[in-house]
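To start, the structure under review is shown below, and the notes come after it.
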Amino acid sequence: MFASLVVASCQTPAPQPVESAVIALPDLRQPYLDAADSSGEIYTLDPADSTIRLYVFRGGKAAKAGHNHVLGVSNFEGYVRLDPSQPRDSRFDLRVPVDALQIDDPAWREQTGGNFSPARSEADIAGTRRNMLGPKVLDAVQFPHVELHSRAIAGDWPVLVVEVAVTIKGATHVQPVMVRAARDAQGLRISGEFVLRQTDFGMEPFSVLGGLMAVQDEIGVTFELRGRPGLAR
């Protein structure tokens, strides 16, 4: 869903950039402020020390003529509350500005390796990004954020299974995600991976020429999030 027309952007003219609409959003911090005096540990997620990667796969009979893509997130807002005695009473909230998505950084592609490793030109990357944020894909004007919220938590420290409500382009899908959580002197580290499917969000994977060129429905997501103790101002 993050890139249902990413392959097409390599073949079609890039639209002009647009400014995001101003939309009033709920304050993610408030529930954590309200819980500050209760039991549990509160952390602010640090995007500068976190890594989120999304992998978009080429498809169709002519897949070799297309490109795989590696996406990353440079900025987000997020909070975690841990209850060391009762994992099910923990929670997290994460909000990602859609325009914070970056595409096909050469170092990311090389690090991923295999059929992701060939470099792309700066012009192709810029065109892909503009198309991805445009109205036919993520529609950053009408839907400027992706949000993830915990619905339920099972398991036991340090391995948890989290039911995550993922909202993209106005559609919400509840996604099970297995994570590992570890605490140290610097704070909290959470890692895991899961798969998003475009069709879960009401999107049809990109396809042209009777499926000759296409994007696969599945998008792989990996993450390692670092949380600092307390609520950042």
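The values are calculated or read from the model by the stated rules, or taken from the named source; none is laboratory data. Since the model is a prediction, treat every value here as computed from it, not as a measurement. Note that each Cβ is placed from the backbone with ideal geometry, even for glycine, and that neighbours are counted across all protein chains shown. Note: areas computed on protein heavy atoms with side chains; ligands, DNA, RNA excluded. Shrake-Rupley method; radii C 1.70, N 1.55, O 1.52, S 1.80 Å.
Taking GLY60 as the residue in question, decide whether it is of a type outside the set (Asp, Glu), at pLDDT below 90, over 15 Å from the mean Cα position of the chain (by Cα) and farther than 22 Å from ALA185 by Cα. Step through it out loud before you land on a result.
Working: of a type outside the set (Asp, Glu): yes; at pLDDT below 90: yes; over 15 Å from the mean Cα position of the chain (by Cα): yes; farther than 22 Å from ALA185 by Cα: yes.
Yes: the conditions hold for GLY60.
For the list (1) open to solvent by less than 40 Å² (accessible area, probe 1.4 Å); (2) modelled with pLDDT of 90 or more, I need the number of the one condition that ARG29 fails.
Exception for ARG29: condition (1).
So, in the range 118-141, of the ones that are closer than 15 Å to GLY66 by Cβ and surrounded by 13 or more Cβ atoms within 10 Å (Cβ to Cβ), which residue ends up nearest to the chain's Cα centre (by Cα)?
The qualifying residue nearest to the chain's Cα centre (by Cα) is MET132.
Looking only at residues in the range 178-193 that are in a strand (DSSP E or B) and more than 19 Å from GLN86 (Cβ to Cβ), which one is most open to solvent (accessible area, probe 1.4 Å)? Steps first, please.
Start the filter on the range 178-193 by keeping residues that are in a strand (DSSP E or B), which leaves 178-184, 187-193.
Now restrict to residues that are more than 19 Å from GLN86 (Cβ to Cβ): 184, 187, 189, 191-193.
Working: ASP184: 73, GLY187: 2, ARG189: 73, SER191: 39, GLY192: 19, GLU193: 128 Å².
Among them, the one singled out is GLU193.
Say whether the condition of being open to solvent by less than 20 Å² (accessible area, probe 1.4 Å), small (Gly, Ala, Ser), touching a strand residue (DSSP E or B) at 6+ places or on another chain (Cβ under 7 Å) and at pLDDT below 85 is met by at least one residue in the range 73-83.
No, every residue in the range 73-83 fails to be open to solvent by less than 20 Å² (accessible area, probe 1.4 Å), small (Gly, Ala, Ser), touching a strand residue (DSSP E or B) at 6+ places or on another chain (Cβ under 7 Å) and at pLDDT below 85.
Select from the range 53-72 the residues that are among the aliphatic types (A, V, I, L, M) and open to solvent by 10 Å² or more (accessible area, probe 1.4 Å) and list them in ascending order.
Scanning the range 53-72 gives ALA62, ALA63, ALA65.
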